[in-house]
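The values are calculated or read from the model by the stated rules, or taken from the named source; none is laboratory data. In this text the structure is predicted, and so the values were computed from the model without any measurement. Note that we place each Cβ from the backbone using ideal geometry, even for glycine, and neighbour counts take in every protein chain shown. Side chains are part of the model used for accessible areas, which takes the heavy atoms of the whole protein and leaves out ligands, DNA and RNA. Shrake-Rupley method; radii C 1.70, N 1.55, O 1.52, S 1.80 Å.
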Amino acid sequence: MSGSLPFGQTPYSTNGDLALVRGTIYVSPTEPPVREGALLIRGGKIFAVGSSSIVQTPQTAQLIDCTGLTITAGFWNSHVHFTERKWANAAEIPASELARQLQDMLTRYGFTSVFDLSSLWKNTRNLRDRIESGEVPGPRIRSTGEGLVPKGALPSETVVRMMGWMNIPVPEITDASEAVVESRKLLHEGVDGIKLFRSSPRSASLPDSALEAAVTEAHGAGKPVFLHPNTGEDVLAAVRSGVDIIAHTTPHSGPWDETILAAMKERRVALIPTLTIWKYYMRHDRISAQEQLANTEIGQVRAWVSAGGTVLFGNDLGAIDYDPTEEYTLMAEAGMSFGQILASLTTAPAERFGESKQLGRIAKGLEADVVVLKEDPSKNIRALAGVKYTLRSGNVIYRATD
Ligand SMILES: [Zn+2]
């Protein structure tokens, strides 16, 4: 088991230079690793990276010996939720407890950037403010605020309680004019994107005109739109309405055919697979049904990756156990190489969300958001979940004790 960093006793600070030395460094998913590499951090940014024999480490620099360890850019998790009851009244939670919760869910797994795809925006903003003020160590948070759902689609209070979620007043919409009103309200309140749910077993599906209206508002503000699909038909509707990111695979409606894949490709959408969660929800069903579902979702990702499609890592944290190991192994089963999975965690989201000049790679001048892994994930993909240190802007925000 990993231990926690005692807060207030950060062992390494950004006051001086910090050097990670003698590690294997994956500077990006497409370049060969630097063996026996050194990474010099100054003022929270990457100052130099290269072979330990070339990079000059000032004598005053604090050193972290990374012998046998592997270094990558900080990870993005592009599908999380701050909806569990533990986040309620985020402004009032004691700092040490909040820090432990953020560590449990995110920083201990190397996540330095997350996109929250539906939560109580006022509350999530309070959480983000406490992190950004330096009071609590945590990741960079982007959020869509409350997702827009079709009228009548909300689960009952009993289900919400059983799932362990806060009871959140989510805006219900039926048509384009309501989509405009609710999207504008959220964008005015400063959200970083819009999240749409198109269908539910309990309601009529939203018409394309409502999806298009929300997309127009979001794009007008320069923000991306995410859609939660339940079926391949939902994916098609999202794509033709201009949605940017498909937030799940849809194994319950069978494999994606050429029409769906071609439309996704043509509109250059990105896909967040969330493979573990569908398996998790099926855990009480017959093994044969579980296997069929797993094969279908893995097949959808395989087809999308074969078509050259963009994948963003995301596992719907907040609705599922925090450990991402199974998500990594399922992505590998779908034929994704280590480089492709690393891209889904780093360069792909940084590019998609307009941050590639600051984040996503290890290169001079970029923010020193860095993950140090205990083992090399190119040899065993499960190693992506075995984090030794997590750094955000050169500050160690998580440190394993083993
Ligand atoms: Zn979700």
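Checking each residue in region 50-88 for being within 16 Å of the ligand (Cβ to nearest atom) and either surrounded by fewer than 20 Cβ atoms within 10 Å (Cβ to Cβ) or farther than 27 Å from residue 31 by Cα (or both) picks out 80, 81, 82, 83, 84, 87. Hey, any hits in region 89-104 for a residue that's crowded, with 19+ Cβ neighbours inside 10 Å and within 16 Å of the ligand (Cβ to nearest atom)? No - not one qualifying residue is present in region 89-104. Do we have any residue at all in region 322-337 that's within 16 Å of the ligand (Cβ to nearest atom), within 14 Å of the chain's Cα centre (by Cα) and open to solvent by 20 Å² or more (accessible area, probe 1.4 Å)? Yes: region 322-337 contains one or more residues that are within 16 Å of the ligand (Cβ to nearest atom), within 14 Å of the chain's Cα centre (by Cα) and open to solvent by 20 Å² or more (accessible area, probe 1.4 Å). The set of residues in region 160-195 that are modelled with pLDDT under 95, outside any loop (DSSP other than H, G, I, E, B) and aliphatic (A, V, I, L, M) comprises 160, 162, 163.
If you go through region 276-304 and keep only what is closer than 10 Å to residue 334 by Cα and within 16 Å of the ligand (Cβ to nearest atom), you end up with just 297.
Among the residues of region 225-241, is there at least one that is part of a helix (DSSP H, G or I), of a type outside the set (A, V, I, L, M, F, W, C), closer than 28 Å to residue 350 by Cα and under 19 Å from the mean Cα position of the chain (by Cα)?
Restricting attention to region 225-241, the residues satisfying the condition of being part of a helix (DSSP H, G or I) are 232-240.
The next check asks that each one be of a type outside the set (A, V, I, L, M, F, W, C); those that pass are 232-234, 240.
Then keep just the ones that are closer than 28 Å to residue 350 by Cα; that gives 232, 234, 240.
Right, trim to under 19 Å from the mean Cα position of the chain (by Cα) and you get none.
No; the residues of region 225-241 include none that is part of a helix (DSSP H, G or I), of a type outside the set (A, V, I, L, M, F, W, C), closer than 28 Å to residue 350 by Cα and under 19 Å from the mean Cα position of the chain (by Cα).
Among the residues of region 305-320, those identified as part of a loop (DSSP other than H, G, I, E, B) and either surrounded by 21 or more Cβ atoms within 10 Å (Cβ to Cβ) or within 14 Å of the ligand (Cβ to nearest atom) (or both) are 312, 313, 314, 315, 316, 318, 319, 320.
Which one is farthest from residue 118 (Cα to Cα) among residues in region 54-85 that are of a type in the set (A, V, I, L, M, F, W, C) and without any contact (Cβ under 8 Å) to a residue 40 or more places away in the chain?
Filtering region 54-85 for residues of a type in the set (A, V, I, L, M, F, W, C) gives 54-55, 61, 63-64, 66, 69, 71, 73, 75-76, 80, 82.
Of the ones still in play, those that are also without any contact (Cβ under 8 Å) to a residue 40 or more places away in the chain are 54-55.
Values: 54: 46, 55: 43 Å.
Among residues in region 54-85 that are of a type in the set (A, V, I, L, M, F, W, C) and without any contact (Cβ under 8 Å) to a residue 40 or more places away in the chain, the one farthest from residue 118 (Cα to Cα) is 54.
When 71, 93 are screened for being at pLDDT 95 or above and more than 21 Å from the chain's Cα centre (by Cα), only 93 passes.
Quick check, is residue 40 more than 16 Å from the ligand (Cβ to nearest atom), under 28 Å from residue 356 (Cβ atoms) and buried (at least 19 other Cβ atoms within 10 Å of the Cβ)?
Details: more than 16 Å from the ligand (Cβ to nearest atom): yes; under 28 Å from residue 356 (Cβ atoms): yes; buried (at least 19 other Cβ atoms within 10 Å of the Cβ): yes.
Spelling it out, residue 40 is indeed more than 16 Å from the ligand (Cβ to nearest atom), under 28 Å from residue 356 (Cβ atoms) and buried (at least 19 other Cβ atoms within 10 Å of the Cβ).
Residues being open to solvent by 30 Å² or more (accessible area, probe 1.4 Å) and in contact with an Asp or Glu (Cβ under 7 Å, 6 or more places away or on another chain): count how many of those fall in region 210-230. Qualifying residue count for the region: 1.
Considering only region 242-275, how many residues are in a helix (DSSP H, G or I) and either away from the ligand (no atom under 14 Å from the Cβ) or surrounded by fewer than 23 Cβ atoms within 10 Å (Cβ to Cβ) (or both)? If you could, list the steps in order and put the result at the bottom.
Keep residues of region 242-275 that are in a helix (DSSP H, G or I), which gives 251-253, 258-266, 275.
Now narrow it down to the ones that are either away from the ligand (no atom under 14 Å from the Cβ) or surrounded by fewer than 23 Cβ atoms within 10 Å (Cβ to Cβ) (or both): 251-253, 258-266.
The total comes to 12.
Being within 16 Å of the ligand (Cβ to nearest atom) and of a type outside the set (S, T, N, Q), is that true of even one residue in region 118-134?
As a first pass, look at region 118-134 and keep what is within 16 Å of the ligand (Cβ to nearest atom): 118-121, 124.
Within this subset, residues satisfying the condition of being of a type outside the set (S, T, N, Q) are 120-121.
Yes: one or more hits.
Listed by first and then second residue, the pairs with beta-carbon distance under 7 Å, at least 6 apart or on different chains, first residue in region 234-252 and closer than 14 Å to residue 209 by Cα, second more than 16 Å from the ligand (Cβ to nearest atom) and among the hydroxyl-bearing types (Ser, Thr, Tyr), form an empty list.
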